[in-house]
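The structure under discussion appears below in the form of structure tokens.
The values are calculated or read from the model by the stated rules, or taken from the named source; none is laboratory data. On a predicted model such as this, the values are computed, not experimentally measured, just so you know. A quick note on method: Cβ atoms are made from the backbone with ideal geometry, for glycine too, and the neighbour counts reach across all protein chains shown.
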Amino acid sequence: MLEIDSSDCLEKKDLVQKIITSDSSSGPAKKKGGGSVNTRRAKISSLNCIVTENAEDDFDAVVIVCHGFGASENDLAPLAGQLLPAMRSHRVKMVFPQAPVELGHGGYAWWPLDLQKVCHILQHFELFEEEASGASLYLIFNPSWYK
């Protein structure tokens, strides 16, 4: 059972501020890639993260990239090495957090997921996508309801 401590919960603006100010507490930056792109590991709130940046401070943007179910922060972090050199005119920090739920074999999740229940839904229900005002709405229903 996953236990969540409310002290680990942050508003988005507070998380972004923690990310911006995490430089001083996470040790020296390690150079990787070309030019002035720096990559390091940092602990932000209770999450282990990979932080990649193309500047030392005064960032124009902080981009938080969350991995999918069963992946880890290591899976998407190489994107920063491809994107940041192309953003030389902007000072950008990219943060790749590791989700808190450990699945084993190096995989993590943001919340527990009952895969047996997901398989049941996929086998016995149908999924329809409807678009309204530019937003997608997904409807799940059991076809036997309409027989």
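Odds and ends about this structure:
- Count of residues meeting criterion [β-branched (Val, Ile, Thr) and in a strand (DSSP E or B)] in segment 69-126: 3
- Residue, surrounded by the fewest Cβ atoms within 10 Å (Cβ to Cβ), within segment 108-130, restricted to residues that are of a type in the set (Asp, Glu) and modelled with pLDDT of 70 or more: ASP114
- Of all the criteria given as (1) of a type in the set (S, T, N, Q); (2) crowded, with 17+ Cβ neighbours inside 10 Å; (3) not assigned by TED's automatic domain parsing to the domain that holds ASP14, the one not satisfied by ASN54 is (3).
- Conditions (1) touching a strand residue (DSSP E or B) at 6+ places or on another chain (Cβ under 8 Å); (2) touching a residue at least 24 places away in the same chain (Cβ under 8 Å): number failed by LEU113: (1)
- Residues that are touching a Phe, Trp or Tyr at 6+ places or on another chain (Cβ under 9 Å) and closer than 30 Å to ALA109 by Cα, drawn from segment 69-91: PHE69, GLY70, ALA71, SER72, GLU73, ASN74, ASP75, LEU76, ALA77, LEU79, ALA80, ARG91
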